[in-house]
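The values are calculated or read from the model by the stated rules, or taken from the named source; none is laboratory data. Predicted model only: the values in this text are computed from it and were never measured. Counting neighbours? That spans all protein chains shown, and the Cβs are built from the backbone with ideal geometry, glycine included. Note: areas computed on protein heavy atoms with side chains; ligands, DNA, RNA excluded. Shrake-Rupley method; radii C 1.70, N 1.55, O 1.52, S 1.80 Å.
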Amino acid sequence: MNGRDSTTSTLPGSPAPRRSDATRGAILGAARERFATDGYERATIRAIAKDAQIDPSMVMRYYGNKEGLFAAAVAIDLRLPDVSGAERRQDAGRILVEHFLDMWEDNEVLTALLRVGVTNQAGAERMQDILRDQLVPVARQVCPDPEQVPARAALMASQLLGLALTRYVLRMPPATGLARTEIVAWLAPTIQRYLTAPSP
């Protein structure tokens, strides 16, 4: 025996689990829930730490302050698909609507961000950053007039965020009752028109 506990050893080349990763995950999970429930202003570091079952000093250690925690909690990569090819340009509306449905169904961070964004300036600014940095480049791939790219991206966002608000945040029965195929059939042509149709 060499004194080591064999149950704690790891295979060569395999990463050892890090307690800090688990702590960060617990903090971010609690923060998303708390920001979504209470909003940015009412959510406190103390309440988030209690939800995560850690000391508030640990939250400050990892994220500095509430602003830093919020930025980390709602850091989102939309992983938007490439629609620049000729065939994909013609089908961009459907591709993007299906992608966003996948994202909203599986990503609680988006719902938390939307809840905060409609009631708080910090959340709204974060949402604006995400849309500017990630939606505008997609619109640029297919928009026939480069000068109209920001406006067309904003129009696209109005439809996608409107759907998300009614279906996932407000949970209005007519919106939640729509089948995925119905949403795509209704929304995809509108997104396509916003992105590629000639300016009215």
Using 0.36 nm per residue, how much length does the chain from Asp91 to Glu67 gain when fully extended, once their Cα-Cα distance is taken away?
4.7 nm
Under a point spin-label approximation (7 Å from Cα along Cα-to-Cβ), what is the Glu147-Ala75 distance to one decimal in nm?
3.9 nm
Calculate what fraction, in whole %, of the accessible area of the chain sits on carbon and sulfur atoms when a 1.4 Å probe is rolled over the protein chains.
52 percent
Please report the accessible area of Ser84 (heavy atoms, 1.4 Å probe, ligands and nucleic acids excluded) in Å², nearest 10.
60 Å²
Give me a comma-separated list of calculated 3J(HN,Hα) values for the range 183-194, in order, Karplus coefficients 6.51, -1.76, 1.60 applied at θ = phi - 60°, integers in Hz, x for any Gly or Pro.
4, 4, 5, 6, 8, 4, x, 5, 4, 4, 5, 4
Hey, what angle do you get for helix 108-117 against the long axis of the chain, alpha-carbon based, 0 to 90 degrees rounded to 10?
70 degrees
Pick from Thr181, Thr166, Thr37: which residue has the top mean-square fluctuation in a GNM of the chain where Cα pairs under 10 Å get a spring?
Thr181
Please determine, in degrees from 0 to 90 and to the nearest 10, the orientation of helix 149-164 with respect to the longest principal axis defined by the Cα atoms of the chain, where the helix direction is its Cα long axis.
70 degrees
Considering every pair of different Cα atoms, what Kirkwood radius, in Å, is found for the chain?
19.2 Å
Semi-axes in Å, largest first, for the range 71-159 (Cα gyration tensor, √(5λ)) are 24, 15, 10
Tell me the Rg and the Dmax, in Å, that the Cα atoms of the range 26-111 produce.
17.3, 54
Rolling a 1.4 Å sphere over the protein heavy atoms, what is the accessible area per residue of the range 85-200, to the nearest Å²?
53 Å²
